[in-house]
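The values are calculated or read from the model by the stated rules, or taken from the named source; none is laboratory data. Keep in mind that this is a model prediction, so the values were computed, not measured. All Cβ positions, glycine included, derive from the backbone under ideal geometry; neighbour counts span all protein chains shown. Accessible surface areas use protein heavy atoms only, side chains included; no ligands, DNA or RNA. Shrake-Rupley method; radii C 1.70, N 1.55, O 1.52, S 1.80 Å.
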Amino acid sequence: ATRAAAMVKETIRVYARVKPLGRRQQAGIYSVDDDEKPLSSLEIIVPRDLADGFINNKRESYKFKFQKIFDQEAKQDVVFDSIAKPVAECVLAGYNGTIFAYGQTGSGKTFTITGGAERYSDRGIIPRTLSYIFDQLQKDNSKVYTTHVSYLEIYNECGYDLLDPRHEASRLEDLPKVTIMEDPDQNIHLKNLSLQQATNEEEALNLLFLGDTNRMIAETPMNQASTRSHCIFTIHISSKEPGSATIRHSKLHLVDLAGSERVAKTGVGGHLLTEAKYINLSLHYLEQVIIALAEKNRSHIPYRNSMMTSVLRDSLGGNCMTTMIATLSIDKRNIDESISTCRFAQRVALIKNEAVLNEEIDPRLMIVQLQKEIQELKDELELVTGKQRTSELSQEELLQLDELIETFLKDNDPDSTLDVGADMRKIKYCFIHVKQLMNHSKISDKKLSQHISDEKDANKEAGEEELKKLKELLQQRDNEINILVNMLKKEKKKAQDALLQLNAASAGSKVLEQSLPVNFEESQNPSSCFSLKEAKDFSSSVHRLPFISRQTGGKMSLGCQEAFEVFKQEHADSITIEDNKQLLKQRFAEAKCLGEKLNEVRNKINHLKGEITQRHIQRAALAVSSPSEELNTLDPVEEKLRKQIEEEKKSYKTMFNRLKGLKVEIEHLQLLMEKVKMKLQKDFEVWWSEEAINLQQEKSEMISSPNTTTVYPQFIKSSQHLSTN
Ligand code: ADP
Ligand code: MG
């Protein structure tokens, strides 16, 4: 079924019906003009003479336009055909419809809506509409229809369910009370109003009869329900095409309103221009709604002021095809009320309604329908493929697919295809799998590129720095080798000199004995410090290069270290350092020993103190058990213990002072050693740079004199000689 977004925009159609005059009634002056197509006009003339109490031939005329005017002779069938039938057709098509009768009491509202009780031909709109609708439903086999009816009476803002079958109501209050409920979408729901299903005309008419009976019985001269209450008979139709999930709902309200008479009978004359107040308050609110709707750009419509306007909200300016019948009792006495009714009708005629096709999809029906469709498609698929399908792929099939995808992705042949057969499940799985793979690689790519870009800049800088460093290092290595070569040359010379010296005398050993320092002051002697001093003089005159160890990140190259070792050995103060080391070791050992001894003495003192306390306790106990004068005298044992403590304390003090002195000496020695070490390093640095400069000069000289190549064999010899030494 296609869903037609049909909407009908239409003003409320307003008809007029003039009630036949009663026997004793005197007709008012009015005329109906049917020639003014498409509308008819009703002219009411008010005779002036009656108003002023004297003869006045001047007459006042009021003209009103209606869709159609049904005069006194108009029969029910005609009224139905022209007023109700078009509305009933719309309702059958799925639109909401409303027909309401408005007029003063006794003007023929009930007669028009429900009908006269005496003759069959006097049947009103409700029974005729029911008859018509069921006729149409029977004729139409293309849809499945369901019909329900409800009958609501509103009296004094209270709703009553007239179709309650349990009650033989004697009072209106005995009927179930109907209340209004508003859902979040602001739709009105009537709680407690029974919806009685009527499968045919007879059932529906029986329900109408039940409702009318309840309505009549409930009426007492006291409550005057028929004149002061509103009765809304509603036919609910839902239709659905077989097999479709779309349902159409429509409602037809057939409304018999309360009498529209006003508070003061104005009689005739001047009061006609000012409108008197409604007796019925809800009709007053109805008028308010009508006025509000007639105004342009009015956003708030006071529907909620009364139950009747709430129930009829859609009928007034909403989703509904609405028709009004203004019933007129046109006898002389009711001229003014008739004019009021007509005035009201003119306002109502301005209201535009927007009726939409009330279609909705029943989810339950939709599910059933879709399930059926799926099963049919499955069956069809099974027939075509010859295979039974379950909704999920087996583990085996999934593994197969994984393999297929893998080989496909690895295949570099541009013509390679991934063929999984005509199976949507497999095709879908492949796409999901590939998507997962893509996402995964995207993530790792992103991570990688992020990582690279992060490090790129740093790397660039670091790379340049590294290159610079390596270049420098290379230069240093070059220098190192050359310096070492030079050193070895010197060593060789020294070794030769030593041989000569050995041959001459044993002077070297004497020098060694002399330079053995016992303490710091001794190590300061000029002979052992000569080279240090010499280096110092040197450093002041030579521009110092940054120290190699610092350049290479705190680490001396191996060659440089070797050179440093040789340098250390070569310089006399290495002995001093070594001696200081030994001395420091000795002092440490001494301090440790002294510390232990101090502890011992302290323990001894504590022990002696304990003995004295013990002695005190013994003596006190003895004094209690056998008091004697002897106990009051000095205890020789205690005296002896005290003397011992004094002695121990003395030695403790001496040892402590000695330890203090040792500590100072140790700290001093440590500082000294640190100083010497630093000095040596600096000297080495100076020497190293010096050598480097010298080498550079030698290099340039070497180009002019190639003799120096002979250095190498000697160097090898001498190094062998040194290592065996
Ligand atoms: P209302 O419901 O507006 O108070 P009713 O429908 O009860 O008025 O009518 C009052 C009386 O007039 C009733 O007895 C009714 O049968 C009679 N009547 C109303 N309209 C017509 C009509 N068009 N033809 C014949 N009798 C009518
Ligand atoms: Mg009535």
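Return the only residue of Arg602, Arg658 being in contact with a Leu (Cβ under 7 Å, 6 or more places away or on another chain), modelled with pLDDT of 85 or more and open to solvent by 90 Å² or more (accessible area, probe 1.4 Å).
Within the list Arg602, Arg658, the selection yields Arg658.
Kindly list the number of the only condition in (1) of a type in the set (A, V, I, L, M); (2) open to solvent by less than 10 Å² (accessible area, probe 1.4 Å); (3) touching a residue at least 60 places away in the same chain (Cβ under 8 Å) that fails for Met321.
Among (1) of a type in the set (A, V, I, L, M); (2) open to solvent by less than 10 Å² (accessible area, probe 1.4 Å); (3) touching a residue at least 60 places away in the same chain (Cβ under 8 Å), Met321 violates only (2).
Could you tell me whether any residue of the stretch 296-307 is open to solvent by 10 Å² or more (accessible area, probe 1.4 Å) and in contact with a Cys (Cβ under 9 Å, 6 or more places away or on another chain)?
yes
Which is without any contact (Cβ under 8 Å) to a residue 24 or more places away in the chain and closer than 30 Å to Thr146 by Cβ, of Asp77, Asp81?
Exactly one residue qualifies, and that residue is Asp81.
Take Thr105 and decide whether it is among the β-branched types (Val, Ile, Thr), at pLDDT below 95 and within 16 Å of ligand 2 (Cβ to nearest atom).
yes
Mind checking whether some residue in the stretch 328-347 is open to solvent by 20 Å² or more (accessible area, probe 1.4 Å) and within 30 Å of Gln186 (Cα to Cα)?
Scanning the stretch 328-347, I find at least one residue that is open to solvent by 20 Å² or more (accessible area, probe 1.4 Å) and within 30 Å of Gln186 (Cα to Cα), so the answer is yes.
How many residues does the stretch 216-259 hold that are more than 58 Å from the chain's Cα centre (by Cα) and at pLDDT 85 or above?
Residues in the stretch 216-259 being more than 58 Å from the chain's Cα centre (by Cα) and at pLDDT 85 or above: 1 in total.
Take Ser82 and decide whether it is more than 22 Å from Cys231 (Cβ to Cβ), more than 9 Å from ligand 1 (Cβ to nearest atom) and more than 55 Å from the chain's Cα centre (by Cα).
Judged against the criteria, Ser82 is a match.
Given the conditions (1) within 29 Å of Ser250 (Cβ to Cβ); (2) of a type in the set (D, E, K, R); (3) open to solvent by 100 Å² or more (accessible area, probe 1.4 Å), report the number of the one that Glu373 does not fulfil.
(3)
Per-residue answers, yes or no, for (1) within 16 Å of ligand 2 (Cβ to nearest atom); (2) outside any helix (DSSP H, G or I); (3) of a type outside the set (Ser, Thr, Tyr):
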position	(1), (2), (3)
Ala292	no, no, yes
Lys296	no, yes, yes
Arg304	no, no, yes
Thr309	no, no, no
Thr323	no, yes, no
Ala326	yes, yes, yes
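Every residue in the stretch 120-162 that is among the hydroxyl-bearing types (Ser, Thr, Tyr) and surrounded by 15 or more Cβ atoms within 10 Å (Cβ to Cβ), please.
Scanning the stretch 120-162 gives Thr129, Ser131, Tyr132, Tyr145, Thr146, Thr147, Ser150, Tyr151, Tyr155, Tyr160.
Kindly evaluate Thr114 against the criterion of being in contact with a Pro (Cβ under 8 Å, 6 or more places away or on another chain), within 29 Å of Ser310 (Cα to Cα), among the polar types (S, T, N, Q) and within 16 Å of ligand 1 (Cβ to nearest atom).
yes
So which of Asp81, Asp49 is out of contact with any helix residue (DSSP H, G or I) (no Cβ under 6 Å at 6 or more places or on another chain), open to solvent by 50 Å² or more (accessible area, probe 1.4 Å), modelled with pLDDT of 90 or more and part of a helix (DSSP H, G or I)?
Only one candidate passes the filter, namely Asp81.
Looking at the stretch 605-650, which of the residues that are open to solvent by less than 90 Å² (accessible area, probe 1.4 Å) and of a type in the set (Asp, Glu) is modelled with the lowest pLDDT?
Asp635
Among Phe100, Phe70, Phe111, which is the only one that is open to solvent by less than 10 Å² (accessible area, probe 1.4 Å), hydrophobic (A, V, I, L, M, F, W, C), within 15 Å of ligand 2 (Cβ to nearest atom) and in contact (Cβ under 8 Å) with a residue 12 or more places away in the chain?
After ruling out the rest, the residue left standing is Phe100.
Answer with yes or no whether Ser41 is more than 57 Å from the chain's Cα centre (by Cα) and within 16 Å of ligand 1 (Cβ to nearest atom).
no
Which of the residues that make up the stretch 669-699 are under 30 Å from Gln586 (Cβ atoms) and surrounded by 15 or more Cβ atoms within 10 Å (Cβ to Cβ)?
If the condition is that a residue be under 30 Å from Gln586 (Cβ atoms) and surrounded by 15 or more Cβ atoms within 10 Å (Cβ to Cβ), then Leu669, Leu672, Met673, Val676, Lys679, Leu680, Gln681, Lys682, Asp683, Phe684 are the ones that fit.
Does any residue of the stretch 63-77 turn out to be part of a strand (DSSP E or B), within 16 Å of Phe233 (Cα to Cα) and more than 53 Å from the chain's Cα centre (by Cα)?
no
Kindly establish whether Glu380 is more than 30 Å from Met7 (Cα to Cα), in a helix (DSSP H, G or I) and at pLDDT below 85.
For Glu380, the condition - more than 30 Å from Met7 (Cα to Cα), in a helix (DSSP H, G or I) and at pLDDT below 85 - is met.
For Lys58, all conditions in the list (1) at pLDDT 95 or above; (2) more than 16 Å from ligand 1 (Cβ to nearest atom); (3) open to solvent by 70 Å² or more (accessible area, probe 1.4 Å); (4) not hydrophobic (A, V, I, L, M, F, W, C) hold save one; what is the number of the exception?
(1)
With the requirement that a residue be over 43 Å from the mean Cα position of the chain (by Cα) and open to solvent by 70 Å² or more (accessible area, probe 1.4 Å), what does the stretch 179-211 give you?
Matches in the stretch 179-211: Leu195, Gln197, Thr199, Glu202, Glu203, Asn206, Phe209.
Would you call Arg364 closer than 30 Å to Ile291 by Cα and open to solvent by 30 Å² or more (accessible area, probe 1.4 Å)?
Here the answer is no, as Arg364 does not meet what is asked.
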